[in-house]
1. Could you identify the single residue in 103, 49, 25 that is in contact with a Leu (Cβ under 9 Å, 6 or more places away or on another chain) and hydroxyl-bearing (Ser, Thr, Tyr)?
2. Output the residue which, of all residues in region 154-194 that are surrounded by 24 or more Cβ atoms within 10 Å (Cβ to Cβ) and over 21 Å from residue 33 (Cβ atoms), is farthest from the chain's Cα centre (by Cα).
3. Restricted to region 221-234, and to residues that are free of Cβ contacts under 8 Å to residues at least 60 places away in the same chain and more than 23 Å from the chain's Cα centre (by Cα), which residue is farthest from residue 186 (Cα to Cα)?
4. Looking at region 271-362, what strands (runs of 3 or more DSSP E) fall wholly within it and have at least 1 residues that are at pLDDT 75 or above and among the small types (Gly, Ala, Ser)?
5. Return only the number of the condition from (1) part of a helix (DSSP H, G or I); (2) out of contact with any Ser or Thr (no Cβ under 7 Å at 6 or more places or on another chain); (3) among the polar types (S, T, N, Q) that residue 240 does not satisfy.
6. Assess whether residue 67 counts as being among the basic types (Lys, Arg), within 30 Å of residue 221 (Cβ to Cβ) and more than 28 Å from the chain's Cα centre (by Cα).
7. So which of 277, 292 is hydrophobic (A, V, I, L, M, F, W, C) and surrounded by 22 or more Cβ atoms within 10 Å (Cβ to Cβ)?
8. For residue 388, which of the numbered conditions (1) more than 25 Å from residue 282 (Cβ to Cβ); (2) modelled with pLDDT of 95 or more fails to hold?
Amino acid sequence: MGGFFGITSKYDCMADVFFGTDYHSHLGTRRGGMAAYDPVIGLQRKIHSIENAPFRTRFEHIFQEMRGHAAIGCISDSEPQPLLIRSRLGAYAICMIGRINNSEELINHYLAVSGGHFDAKTGGQVNAVELLAALIDEKDSFVEGIRFAQRCINGTASILILKDDGTLIAARDLLGRIPVTVGKRVDGYAVSFESFAYEKLGYVFTRELGPGEIVSVTADKMEQLCPPEKKKRICAFLWSYYGYPTSTYEGINVEAMRYRNGALLAKADEKNNPDIAIDYVGGVPDSGTPHAIGYASESGRYFARAFIKYTPTWARSFMPPAQVDRNTIAKMKQIPVKELIKDKDLLFVDDSIVRGTQLRETVEFLYENGAKSVHMRSACPPIMFGCKYLNFSRATSDLELIARRVILQIEGEEGFEHLEEYADGATERGKRLRQTICERFHFSSLEFQSLDAVVEAIGLPECELCTYCWNGKE
């Protein structure tokens, strides 16, 4: 994933862009970058790795290194960005949130048409942001170029550009899979993935861009350059997992959605599993916790934090690139509250179950500390497809997904023709999937949230939500 943040102001804005970008750190752990425009210096840029140190630490000296009354910043789980580009459209800085699935096709097209070249990485790979800029530069204006690039790209591209006159150009991806919002203050405007990032800086939410909408923003005004498309498919996983609790998308708060979702899980359990003995309900921290609070409140059972994540030094369990290192760190972070575990029947709600590797370690940890039984609930349906739009999962193959692996074990590849049945806990295939995962991970019971309930908890029509990772529908 990733996030971006930008300001164009009448005054130096480096401090605000520093803090605004830092507020997107929950969206990525690989690289951070900032670019600024100053009338005397021109465009400037810094990029740092944030795999072993947070954005705030790596950029704490940025105020001595850069200045400008317009600046952009980004957090990225993929390419180094923002990039500085000089083209026939002028000089500009650009960053992108999204994913390009047909990059080889687009690279070959560009090389054939332009006769130009790219700065290649090991193995001949090209920075996706540079490819995006090359596509934009094929046209005679930023608006034409952005729309051309977005229509060529198989995937997703939300774009933030800083021109060499301090103007920002922001474009939400064609289907609005991720948000782009604008805030206003007396001295300028802010553009951001997360609206709370600029609200903390005194900007007032002005509007959320529509799917495919493009705007130009200066310190004095915002101008629509291209109207929004009619079709919208915003990512439903925003609310379930990677959206920050204080975030609001399409007018719907993340934390509130998770409470509703947990309550709906409890209602389903009351109907389908009324006799389960539970001493405490807890969440797999952090994003599972609000789902669990909703579950406990609805079910009338006690909520308890039977283990705590130690996060002062390792805030994100998947920070290291190697899975084995992420698993080790996840285990080291779990500190038990033994009085709430020993001889207790526990039910935990996790935001989702993707690979299941870390969840297996969590359950083993609970039994090692004396748990009598561990019941697991997923606040999402079984994940059947790796995301091909936003890179929110590190899965490179569908067979890395625990649901897919178990289906292959149960029925072979023939089972992939019945994914809808496996997702439904009321069918025989669905029951077998849950039973097999229970046996593999030593759960006392397992249930997944239904897609209908997730949609209900969000509160938007299903046709406006991207649910590809659950049902494969584009």
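1. Details: 49 fails: in contact with a Leu (Cβ under 9 Å, 6 or more places away or on another chain); 25 fails: in contact with a Leu (Cβ under 9 Å, 6 or more places away or on another chain).
Going through 103, 49, 25 in turn, just one is in contact with a Leu (Cβ under 9 Å, 6 or more places away or on another chain) and hydroxyl-bearing (Ser, Thr, Tyr): 103.
2. Looking at the filtered set, the residue picked out is 176.
3. Filtering region 221-234 for residues free of Cβ contacts under 8 Å to residues at least 60 places away in the same chain gives 221-224, 227-231.
Filter once more, so that each one left must be more than 23 Å from the chain's Cα centre (by Cα): 221-224, 227, 230.
Details: 221: 11, 222: 13, 223: 17, 224: 20, 227: 26, 230: 32 Å.
Ranking the candidates gives 230 first.
4. Values: elements: 280-283, 307-309, 334-336, 345-350.
Counting at least 1 such residues, we get 280-283.
5. Result: residue 240 passes all but (2).
6. Numbers: among the basic types (Lys, Arg): yes; within 30 Å of residue 221 (Cβ to Cβ): yes; more than 28 Å from the chain's Cα centre (by Cα): yes.
Taking the combined requirement at face value, the residue satisfies it.
7. On the way: 277 fails: surrounded by 22 or more Cβ atoms within 10 Å (Cβ to Cβ).
Among 277, 292, only 292 is hydrophobic (A, V, I, L, M, F, W, C) and surrounded by 22 or more Cβ atoms within 10 Å (Cβ to Cβ).
8. The one condition residue 388 does not meet is (2).
The values are calculated or read from the model by the stated rules, or taken from the named source; none is laboratory data. Every value quoted in this text rests on a predicted model; they were computed, and no experiment measured them. So basically every Cβ, Gly included, is an ideal-geometry build from the backbone, and we count neighbours across all protein chains shown.
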